[in-house]
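Report on one structure; see the data block that follows.
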Amino acid sequence: MSMLYDHLDGLRDRASGRLAQTLRQTGGTPQARTERDVNAVMYSQRLAQLDAAENGLCFGRIDFHEGEPRYIGRMGIRDEADDYEPLLLDWRAPAARPFYLATPVSPEGVRRRRHIKTLRREVIRLDDEVLDLTAAGRDGLADGLTGEAALLAALNASRTGQMSDIVETIQVEQDWIIRSPHKGVLVVQGGPGTGKTAVALHRAAFLLYTHREQLARRVVLVIGPNPTFLRYVGQVLPSLGETSVLMSTIADLYPGVTARREEPVAAAQVKGRAGMADVIAAAVRERQAGACSGLEVSHERDVLRLDRRTCARIRDRVRRSRLPHNQARPVAHRLLIDALVRRVAGRIGFDVLGGRNLLSDEDLADIRGELRESPQVRAALEAFWPSLTPHGLLAELFSSPERLASAGAGLLTPEECSLLAREPGGGWTPADVPLLDEAAELLGEDDRAARARGERERRRRIAYARGVLDLAYGSRSVDLNPEEEAEILSAYDILDAERLAERYEEDDDRTAVERAEADRTWAFGHIVIDEAQELSTMAWRMLIRRCPTKSMTVVGDMAQASDLAGGSSWQQVLEPHLGDRWRLERLTINYRTPAEIADLASDVLAEIDPELHPPRPVRETGIQPWLRQARAGELGSVLGVTAAAESERIGAGRLAVIVPGSRLEELAQAVADMVPDVVSADDPDLDRPVVVLSVSQAKGLEFDAVIVADPGRILADSPHGLNDLYVAITRATQRLGVVCEGDLPEVLARLRKMQGAEPG
């Protein structure tokens, strides 16, 4: 082990030295400065990868019947002094796969698998599995789990407020998903505790390892349900040495918009439906060519008129170009100017006797120029086909009942229009973000000015480069005769001005992740979507636009879908966007929830859908879920006392008090009165020992102990109340309690029969 760490230190010293040398470089040409910045980023990322591998550098070894043993770790290390022989295999390498797949029935040539547990650089535990049935006999061998001792130790460890990677304990069904082919959409259906989030993140790390050049350049996008969840899982990929990843929620995916405004669930549901795409398209169409009732514009003490038919013809011609609204704007204005020029020419230059126009092309060009310079004409052009922004379009739509009713005709009921209507200002809601993205796609950007500036700058660089080459060519010796001169290469023979200009162009020194975060049109190389059952149809449209190759890992559990979900099955959710071009894998083993809690959860799952099968738990703790009854009006005080006692009981672990969203503020205060370090906020800190959360905030998280408060209100707060209750009672890894005010919901009747009905 010490030899591996010596090599790691050597790699780190070399990367650190090269980084320091790079940062000492100052000045130079633009090309040199760009190369310096690129190298600095590269060496910094390399140092981050080496630092991430420090903890748990080597965690396994596989011994074969023949050949040398293989050591498995977080990164690959080769012996530079011995023909680059591999000392440590990266866990993602094909040669390391038997560590995860070998079983006594199918040993993959492996005689023994060793799990190595380290604390910093010291080995503190070894767990061996003998896979040779003839040598060890069948008694005492683990059945179905890889590295059972290491796995159970990880499952029983106290939580820290951050998800840890599972690279040391990946199981067979997880490994098959992690190493699935890159192409296409892979849907991973898994119940609570099956490790679907960890599988999705490790799959992202595996794809970055196997398709490094492509995906590091295009970036992997990870979508989570809320900022708390993203912080919870945020260290997993860095711990695996991967930094080419952008983590975001749907609410934060539109550059420049922070969507934190709250709104009724019913309004968010309407905004998430597919029909909103048609509403936005209708709102854009209504801003094109006004109402097509004709146009009048004053010009040189005269009035130019275009009738309704002419305006409609121009509008339809522009629409046939299929350009986004803002990119079609120059076309609309040009056609409108042409129509006005014809009106002017018909008045001042028409030969009545000859039946022809007497104006020359120069005369018509002068008229066109005068019209373009006229403030009245420019105002008419803007009214006819205005420049629109996504923010302005939606703000006007939602703040104008007339516009909303017109755009939603046949698509929205009056009640739904009333739900969407709001006063101007006040910020955006998460459900608005996919609508902003839809509007941006329909509107596009008129980038003619930016392209013109870019072209001018390109010509300037080429002219400068040509001057440089002229100087280089002119420096050739004047003593050479023509034949000798012809045999010597000049600067022009090696590089022309255009290529030289490209080499000296100032590059964007931001990382790929930073550029992707700021660019709405960025095409990601792969997208990981966690808690995907929560996405609305409009959110799916937004994400699929972000990944034209449709390379995605989609993980979730339809039994945990909330009010905003776009469907009740993966087929219903994905078919409108992908047809049948997706494949489904299932995770069937519950690693988080002990059997005692899983039995209670299975009753709720059966009530949601009798056809659903709960995942199989791998362990028992001997700790039964408990029930505490509170009198009417005393839930807060009972909950506070119980939370304080439970926090003391679990010691260094983490306790979550999960409450109905409608009572979050009230019950959080009651717990805070009794627990000094409790946290409850819109964006809570999970590093604290006790946290109060609503059900929606708790999705995707896990804690040592959970107290579910007022399950009756959780059921009543939402049409998907059973799904919410299922989420709440499946967050615990060790202990689960329920504090109830009033009658206990029948779906939790098993609690009354369990031993330990009070926390002991």
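The values are calculated or read from the model by the stated rules, or taken from the named source; none is laboratory data. All values reported here derive from a predicted model rather than from experimental measurement. Please note: Cβ atoms are built from the backbone with ideal geometry, for glycine as well, and neighbour counts cover all protein chains shown. Only protein heavy atoms, including side chains, enter the accessible area calculation; ligands, DNA and RNA are left aside. Shrake-Rupley method; radii C 1.70, N 1.55, O 1.52, S 1.80 Å.
Conditions (1) of a type in the set (Asp, Glu); (2) at pLDDT 95 or above; (3) outside any helix (DSSP H, G or I), marked per residue:
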site: Arg138; (1), (2), (3): no, no, yes
site: Leu141; (1), (2), (3): no, no, yes
site: Leu155; (1), (2), (3): no, no, no
site: Asp165; (1), (2), (3): yes, no, yes
site: His182; (1), (2), (3): no, no, yes
site: Leu186; (1), (2), (3): no, yes, yes
site: Ala200; (1), (2), (3): no, yes, no
site: Arg203; (1), (2), (3): no, yes, no
site: Leu237; (1), (2), (3): no, no, no
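Examine region 746-756 for a residue that is open to solvent by less than 30 Å² (accessible area, probe 1.4 Å), in contact with a strand residue (DSSP E or B) (Cβ under 8 Å, 6 or more places away or on another chain) and assigned to a strand (DSSP E or B), and state whether such a residue exists.
Filtering region 746-756 down to residues open to solvent by less than 30 Å² (accessible area, probe 1.4 Å) leaves 747-749, 751, 754.
Still in the running and in contact with a strand residue (DSSP E or B) (Cβ under 8 Å, 6 or more places away or on another chain): 748, 751, 754.
From what's left, assigned to a strand (DSSP E or B): none.
No, region 746-756 has no match at all.
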Fill in: Tally of residues being touching a Gly at 6+ places or on another chain (Cβ under 7 Å), assigned to a helix (DSSP H, G or I) and open to solvent by 10 Å² or more (accessible area, probe 1.4 Å) across region 701-732
2
Response to the item:
Of the listed residues (Ala728, Ala709, Ala705), the one being at pLDDT 95 or above, out of contact with any Asp or Glu (no Cβ under 7 Å at 6 or more places or on another chain) and over 24 Å from Leu612 (Cα atoms) is Ala709
Worksheet item: In region 93-136, which residue that is open to solvent by 70 Å² or more (accessible area, probe 1.4 Å) and assigned to a loop (DSSP other than H, G, I, E, B) is modelled with the highest pLDDT?
Response: Arg121
Worksheet item: Within the set of pairs 6 or more residues apart or between chains, which connect a residue that is over 15 Å from Arg329 (Cα atoms) inside region 302-318 to a residue that is assigned to a helix (DSSP H, G or I) and open to solvent by 80 Å² or more (accessible area, probe 1.4 Å) with Cβ atoms less than 6 Å apart?
Response: Leu304/Arg343
Discussion item. Given the condition within 30 Å of Ala523 (Cβ to Cβ) and modelled with pLDDT under 95, answer yes or no: does some residue in region 364-373 qualify?
Written reply: no
Discussion item. If I filter region 671-694 for residues that are touching a Pro at 6+ places or on another chain (Cβ under 7 Å), open to solvent by 40 Å² or more (accessible area, probe 1.4 Å) and either without any contact (Cβ under 8 Å) to a residue 60 or more places away in the chain or over 26 Å from Asp563 (Cβ atoms) (or both), do I get at least one hit?
Written reply: yes
Discussion item. Tell me yes or no: at least one residue of region 382-400 is modelled with pLDDT of 90 or more, farther than 30 Å from Gly426 by Cβ and either small (Gly, Ala, Ser) or surrounded by 13 or more Cβ atoms within 10 Å (Cβ to Cβ) (or both).
Written reply: yes
Discussion item. Filter region 152-206 down to the residues that are within 17 Å of the chain's Cα centre (by Cα) and of a type in the set (S, T, N, Q) and list them by number.
Written reply: Thr197
Item to complete: All but one of (1) at pLDDT 90 or above; (2) surrounded by 17 or more Cβ atoms within 10 Å (Cβ to Cβ); (3) assigned to a helix (DSSP H, G or I) hold for Leu151, so report the exception by its number.
Response: (1)
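Condition check ((1) under 19 Å from His182 (Cβ atoms); (2) open to solvent by less than 10 Å² (accessible area, probe 1.4 Å)) across all residues:
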| residue | (1), (2) |
| --- | --- |
| Arg510 | no, no |
| Val513 | no, no |
| Arg520 | no, no |
| Ile527 | yes, yes |
| Glu534 | no, no |
| Met538 | no, yes |
| Ile544 | yes, no |
| Cys547 | yes, yes |
| Ser551 | yes, yes |
Worksheet item: touching a Cys at 6+ places or on another chain (Cβ under 6 Å), among the small types (Gly, Ala, Ser), open to solvent by less than 30 Å² (accessible area, probe 1.4 Å) and within 27 Å of Glu168 (Cα to Cα), is that true of Gly10?
Response: no
Discussion item. So in region 273-332, with the set limited to residues that are among the aliphatic types (A, V, I, L, M), out of contact with any strand residue (DSSP E or B) (no Cβ under 9 Å at 6 or more places or on another chain) and not in a helix (DSSP H, G or I), which one is surrounded by the fewest Cβ atoms within 10 Å (Cβ to Cβ)?
Written reply: Ala291
Worksheet item: Quick check: is even one residue across region 485-499 under 27 Å from Gln269 (Cα atoms), acidic (Asp, Glu), in a helix (DSSP H, G or I) and modelled with pLDDT under 95?
Response: no
Worksheet item: Of the conditions (1) over 26 Å from Val318 (Cα atoms); (2) assigned to a helix (DSSP H, G or I); (3) open to solvent by 80 Å² or more (accessible area, probe 1.4 Å), Glu423 fails just one. Which one is it?
Response: (2)
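In this structure, is Arg735 more than 30 Å from Ser164 (Cβ to Cβ), open to solvent by 10 Å² or more (accessible area, probe 1.4 Å) and modelled with pLDDT of 95 or more?
Considered against the rule, which asks whether it is more than 30 Å from Ser164 (Cβ to Cβ), open to solvent by 10 Å² or more (accessible area, probe 1.4 Å) and modelled with pLDDT of 95 or more, Arg735 comes out as no.
Residue by residue through region 154-174, note down the ones that are hydroxyl-bearing (Ser, Thr, Tyr) and either free of Cβ contacts under 8 Å to residues at least 24 places away in the same chain or open to solvent by less than 30 Å² (accessible area, probe 1.4 Å) (or both).
Within region 154-174, just Thr169 meets the criteria.
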Worksheet item: Where in region 560-675 are there strands (runs of 3 or more DSSP E), lying fully within it, with 2 or more residues that are under 17 Å from Pro711 (Cα atoms)?
Response: 626-630, 655-659
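Does Val618 satisfy the criteria of being modelled with pLDDT of 95 or more, of a type in the set (A, V, I, L, M), touching a strand residue (DSSP E or B) at 6+ places or on another chain (Cβ under 8 Å) and open to solvent by 10 Å² or more (accessible area, probe 1.4 Å)? Write out each step before concluding.
Details: modelled with pLDDT of 95 or more: no; of a type in the set (A, V, I, L, M): yes; touching a strand residue (DSSP E or B) at 6+ places or on another chain (Cβ under 8 Å): yes; open to solvent by 10 Å² or more (accessible area, probe 1.4 Å): yes.
For Val618, the condition - modelled with pLDDT of 95 or more, of a type in the set (A, V, I, L, M), touching a strand residue (DSSP E or B) at 6+ places or on another chain (Cβ under 8 Å) and open to solvent by 10 Å² or more (accessible area, probe 1.4 Å) - is not met.
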Worksheet entry | For Thr429: the one exception among (1) open to solvent by 70 Å² or more (accessible area, probe 1.4 Å); (2) at pLDDT 95 or above; (3) part of a loop (DSSP other than H, G, I, E, B) | (1)
Worksheet entry | In region 175-190, residue farthest from Ala150 (Cα to Cα) [restricted to those that are touching a residue at least 40 places away in the same chain (Cβ under 8 Å) and open to solvent by less than 10 Å² (accessible area, probe 1.4 Å)] | Val185
Discussion item. Being at pLDDT below 95 and either over 26 Å from Thr521 (Cβ atoms) or open to solvent by less than 10 Å² (accessible area, probe 1.4 Å) (or both) is the requirement here; does Val222 meet it?
Written reply: no
Response to the item:
Quick count over region 258-290, residues being of a type in the set (Asp, Glu) and over 18 Å from Ala405 (Cβ atoms), is 2
